[in-house]
1. For the range 185-241, what is the Kirkwood estimate of the hydrodynamic radius, computed as the reciprocal of the mean inverse distance between distinct Cα atoms, to one decimal in Å?
2. Can you list the lysines whose alpha carbon sits under 25 Å from that of K213, skipping same-chain ones fewer than 8 residues off?
3. Can you sort M231, M226 from fewest to most other Cβ atoms within 10 Å of each residue's own Cβ?
4. When D133, D200 are ordered from fewest to most other Cβ atoms inside 10 Å of their Cβ, what list results?
5. Run the quick spin-label model on V206 and S234: label points 7 Å from Cα toward the beta carbon, then report their separation in nm to one decimal.
Amino acid sequence: MSDKAFNRRKFIRLAGLAGGTAAVPTLLAACSDSGVTPTVGSGGSPGSTPGFTAQSGGPGPGPTVPPLPTVGTGPVDSYVALAPAIFRAGQTEKISVTLFGGAMLAGGTVKAELIKNNQAVASVEGTITGRGDLALKLPQLAEDVYILQLSGTSFQAQSQVKVVAAGLLFVESDKPVYKPGQSIQLRVLRLNPDLRPEADSVTVEVLDAGGTKVFKKTLQTDQFGMASLSMPLSAEPNLGA
């Protein structure tokens, strides 16, 4: 697998107005290259989600943002943020934030939280001066759908993100086609985010052509990231891939 394929990720984009319409031209200009369609909110109090739009971005490192105006001293009235659509458990994920005050950039404190069952499982808070990044460090979390919440003094927005186990998992079979009654020989290779072999617990599940789970086994990979198993087929399995 090439580095280019490994680095290909999808992103979500958050954009909106904290209140009023004075910043609409600036916000539209900032969103024009990223494919975001900002909306106008009805208020600026935290706890609401004024002017929030989240969209799935295409693969790649994210959009190229054109040069922005200098940072002013006025309040924040609009924002644009970019975050990964898929977070990796145990890793630090970067959330890029740009704040606007009218036709100028603005500064303020922004907080990012990852929420599950109304409880924050990870959070980071920092001062953004015009444009900056928040580094959200995730603990080892179960794979599931979580809520990413971004909030400032005058805005709050949420979007669903997925958390997955970090690293890569490869599964290889001894041949491509099997007959009823034969055994499938599988080999598993586990790599960490740095592409180094990792000893870890791995669960292998097999579905038949009709989508029915016919096999499940948990393995422990060795120091080389390897594990193997044998799965016997029944004499009358559902045929197909």
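None of the figures in this text is laboratory data; all of them are computed from the coordinates on show. What you are looking at is a predicted structure, and each value in this text was computed from that prediction instead of being measured. Neighbour counts run over all protein chains shown; Cβ positions are idealised from the backbone, glycine included.
1. Working: mean 1/r = 0.0785 Å⁻¹.
Final number for the Kirkwood radius of the range 185-241 is 12.7 Å.
2. Output for K213: K162, K175, K179.
3. Numbers: M231 17, M226 14.
Result, fewest neighbours first: M226, M231.
4. D133, D200
5. In this crude label model, V206 to S234 measures out at 1.3 nm.
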